[in-house]
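The block underneath contains the structure these notes are about, expressed in structure tokens.
The values are calculated or read from the model by the stated rules, or taken from the named source; none is laboratory data. All values reported here derive from a predicted model rather than from experimental measurement. Using ideal geometry, Cβ is built from the backbone for each residue, glycine included, and neighbour counts are taken over all protein chains shown. Protein only, heavy atoms only, side chains kept; ligands, DNA and RNA dropped before computing areas. Shrake-Rupley method; radii C 1.70, N 1.55, O 1.52, S 1.80 Å.
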Amino acid sequence: MKKFLKLSIIMLIGFFTIACNDEEVKNDLMFEKFKLNEKITLHSVNGGSKTLIRTDKGFMIEGEENKILMFDFFGTFCAPCKEEALDLSKLWRDNAQYFVIIGLSHFEDVSDEAVKKFADDYGAYYFLSNDKQNDRIIAQILEDIDYHNMEQLPFKVVLKEGQYQNLSDYWGGKEKVNFYLGKVPTMVIQKDLERIYKG
């Protein structure tokens, strides 16, 4: 009887330990969801600021609501992010009248100086945020688009009038998806931008 009681207590302790660990994992994945019309101001390491407004199904930039918005999740350590930075700067400059890129540093805890060095070294002169709110914004975007796969960098989404847009699936061959995964040629993005702008 003592053995049974001892075994029961050990199993009970084990159950509560496992349950607590599972709860801790769930809490790590939780974030404070954005409310409709909530605003958040981000500052670029390249200078200037932009205020995001939460829409019903996405985000817009206050004062630039008519522009197509691309979020680019990047890391200063990420080789493809470095390789595409100059091309993204050119893409932004060539389409600046109707298009804006906001780069959100992700998967790292680095100083603004490190992100600025990334910008200077690789020609990333579009809007680059190193804000503590980046991860919350990214978590909200991934939930918005119902993305459940492993995150990889770079990762991009495009919005028009606060709505996520269908994009060319460069790697998978599907007709349309709502994100770009990895380094995608800027000519593919340019074609999508032209289609979205006219649509």
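In whole percent, and with a 1.4 Å probe on the protein chains, what portion of the accessible area of the chain is carbon and sulfur?
Carbon and sulfur atoms account for 56 percent of the accessible area of the chain.
How would you order 66-77, 100-111 from highest to lowest mean count of nearby Cβ atoms within 10 Å?
Answer by packing, highest mean first, reads 66-77, 100-111.
Can you tell me, using C-alpha contacts under 8 Å and at least 6 residues apart, the relative contact order of the range 119-199 as a whole percent? Intermediate results must be reported in sequence, preceding the final value.
On the way: 59 pairs, mean separation 16.9, N = 81.
In percent, rounded to a whole number, it is 21.
Report, for the chain, the % of DSSP beta bridges that are antiparallel, rounded to 5.
Details: 19 of 29 bridges.
Around 65 percent antiparallel, to the nearest 5.
If we sort 177-183, 153-159 on the protection proxy, mean other Cβ atoms within 10 Å, highest first, what's the order?
Details: 177-183: 18.0, 153-159: 22.4.
So the peptides 177-183, 153-159, ranked by packing, come out 153-159, 177-183.
Among the DSSP beta bridges whose two residues both lie in the range 59-156, what percent are antiparallel, rounded to the nearest 5?
For the range 59-156, the DSSP antiparallel bridge percentage is about 15.
Find how much the distance from V110 to E151 grows on full extension, using 0.36 nm per residue of separation minus their present alpha carbon separation; answer in nm with one decimal.
Contour length minus the Cα-Cα distance gives 12.9 nm.
When the solvent-accessible surface of protein heavy atoms is calculated with a 1.4 angstrom probe, in what order do Y164, Y170, Y98 fall, highest first?
Y170, Y164, Y98
Using modelled amide H (1.01 Å from N, peptide plane; none on Pro or chain starts), what sits under 5 Å from the amide H of L128, excluding residues fewer than 5 places away?
For L128, whose amide H was placed from the backbone, the distant partners under 5 Å are V45, N46, G103.
Could you give the size of the charge dipole of the chain about its Cα centre, using +1 on the Cβ of each K and R and -1 on the Cβ of each D and E, expressed in debye and rounded to the nearest 20?
Charge dipole, the chain, about its Cα centre: 440 debye, nearest 20.
So, for the range 148-199, what is the accessible surface per residue at a probe of 1.4 Å, expressed in square angstrom? Intermediate results must be reported in sequence, preceding the final value.
Numbers: 3110 Å² over 52 residues.
Here the residues of the range 148-199 average 60 Å² of exposed surface.
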